[in-house]
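The values are calculated or read from the model by the stated rules, or taken from the named source; none is laboratory data. Since we're looking at a predicted model, the values are computed, not measured. All Cβ positions, even for glycine, are placed from backbone atoms using ideal geometry, and neighbour counts span all protein chains on display. The protein model used for the area step is the full one, side chains on, heavy atoms only, and it has no ligands, DNA or RNA in it. Shrake-Rupley method; radii C 1.70, N 1.55, O 1.52, S 1.80 Å.
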Amino acid sequence: MKLATVRNSTRDGELVVVSRDLTRAVAVSQIAPTLQAALDDWSRIAPQLAEVAGALEQGKAKDWFAFDPAKAMAPLPRAYHWVDGSAFVNHVELVRKARGAQMPESFWTDPLVYQGGSDDFIGARQDVPVPSEEYGIDLEGEVAVVTDDVPVGTKREAAFDHIKLVMLVNDWSLRNLIPGELAKGFGFYQSKPATAFSPVAVTPDELGAAWQDAKVHLPLVVHINGQPFGKPNAGVDMTFDFAKLVEHITLTRNARAGTVLGSGTISNYDRSLGSACLAEKRTLEQIEQGKPVTPFLKFGDSVRIEMFDAAGRSIFGAIDQKVVRA
């Protein structure tokens, strides 16, 4: 099934079930007022939501309305826990190569993650406010999963069952602020503004055969200002699958219901597929031409991120945003 959150008079919006073709929706506040409420009691609530989804597909749902992605908030407008990984290690290797740094071998066996801000997620069609172009505005196209309650010490084999939803992500980054922050040895903060998510979140079964080994085996299609930028495959060259990432983040702590876990920038060794962030393209230019040529984003630039099934149908809806001055 497909779920979304539409704006209403409350901070966290209203949960709706969305049709597979993303054209119709049904409000389900009588079952769960918000997506977080549904995740808090997923084993009981999910079957009820699935019944509504079935009725919607069969044309039997009452009080359905046209689904408008522009009115959708992030599926979870705010979350208790947002942790982003760097599961495509070839991307890390490439960036380090550009600056002449050796990548530790442990990066291939021990996942990199950081905990980001989760109090202010952005809807898929909202403008992205940034104070200055000098900060180095960049997109990062990713896939994310949402879990139910995952207990401390969960192993990869058990982690599959805790993955309840899948979404697309634009993990906006301010590249020119990152070096100074990392030099302090205390991680990202100012360099990571609010993160954007696809209009809908889907249960893994909606992905069919594309969901294998806790990976989404489909291209992520990225456009900048209407021009093709990249279509790297999210299931290729992903060093750590989502089940392994769940195992990693629960080594010493619980991951509570509604935890959002990102893959990090999708990146393939096949560079002909393009990139999902400007930093990677600039890194390739640095290696090949001696200097980066492609600029970072400017005010007024637009970014569109989407994923399609084998029949060419949009699965999650598009993240389609414009960068504006804050």
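Points worth noting:
- Among the candidates Ile249, Ile266, Ile287, the residue that is open to solvent by 10 Å² or more (accessible area, probe 1.4 Å), in contact with a helix residue (DSSP H, G or I) (Cβ under 9 Å, 6 or more places away or on another chain) and of a type in the set (A, V, I, L, M, F, W, C) is uniquely Ile287.
- Sub-7 Å Cβ pairs linking a first residue in region 225-242 that is touching a residue at least 60 places away in the same chain (Cβ under 8 Å) to a second residue that is outside any loop (DSSP other than H, G, I, E, B) and hydroxyl-bearing (Ser, Thr, Tyr), at least 6 apart or interchain, are Asn225/Ser302, ordered by first then second residue.
- Residue in region 173-188 that is touching a strand residue (DSSP E or B) at 6+ places or on another chain (Cβ under 9 Å) and either buried (at least 22 other Cβ atoms within 10 Å of the Cβ) or in a strand (DSSP E or B) (or both) present: yes
- Ala214 being surrounded by fewer than 22 Cβ atoms within 10 Å (Cβ to Cβ) and either among the acidic types (Asp, Glu) or out of contact with any strand residue (DSSP E or B) (no Cβ under 6 Å at 6 or more places or on another chain) (or both): yes
- Residue selected from region 275-326 under the condition small (Gly, Ala, Ser) and over 18 Å from the mean Cα position of the chain (by Cα), by the criterion nearest to Pro131 (Cα to Cα): Ala326
- The number of residues in region 87-103 being outside any helix (DSSP H, G or I) and modelled with pLDDT of 90 or more comes to 2.
- Enumeration of residues in region 85-102 that are without any contact (Cβ under 8 Å) to a residue 60 or more places away in the chain and open to solvent by less than 30 Å² (accessible area, probe 1.4 Å): Val92
- Scanning region 298-314 for residues being open to solvent by less than 10 Å² (accessible area, probe 1.4 Å) and not in a strand (DSSP E or B) gives a total of 1.
- Taking each residue of region 4-17 that is in contact (Cβ under 8 Å) with a residue 40 or more places away in the chain and farther than 16 Å from Gln30 by Cα and looking for partners that are open to solvent by less than 50 Å² (accessible area, probe 1.4 Å) and in a loop (DSSP other than H, G, I, E, B) with beta-carbon atoms closer than 7 Å, six or more apart or interchain, yields Arg7/Gly13; Arg7/Met73.
- If the condition is being within 22 Å of Asp320 (Cα to Cα) and open to solvent by 10 Å² or more (accessible area, probe 1.4 Å), then region 66-84 contributes Ala66, Phe67, Asp68, Pro69, Ala70, Lys71, Met73, Pro77, Arg78, Ala79.
- Pairs, first on the phi < 0 side of the Ramachandran plot and touching a residue at least 12 places away in the same chain (Cβ under 8 Å) in region 291-303, second open to solvent by 30 Å² or more (accessible area, probe 1.4 Å) and of a type in the set (Gly, Ala, Ser), C-beta under 8 Å, six or more apart: Ser302/Gly226
- Yes/no for Asp161 being surrounded by fewer than 22 Cβ atoms within 10 Å (Cβ to Cβ), more than 14 Å from the chain's Cα centre (by Cα) and under 16 Å from Ala79 (Cα atoms): no
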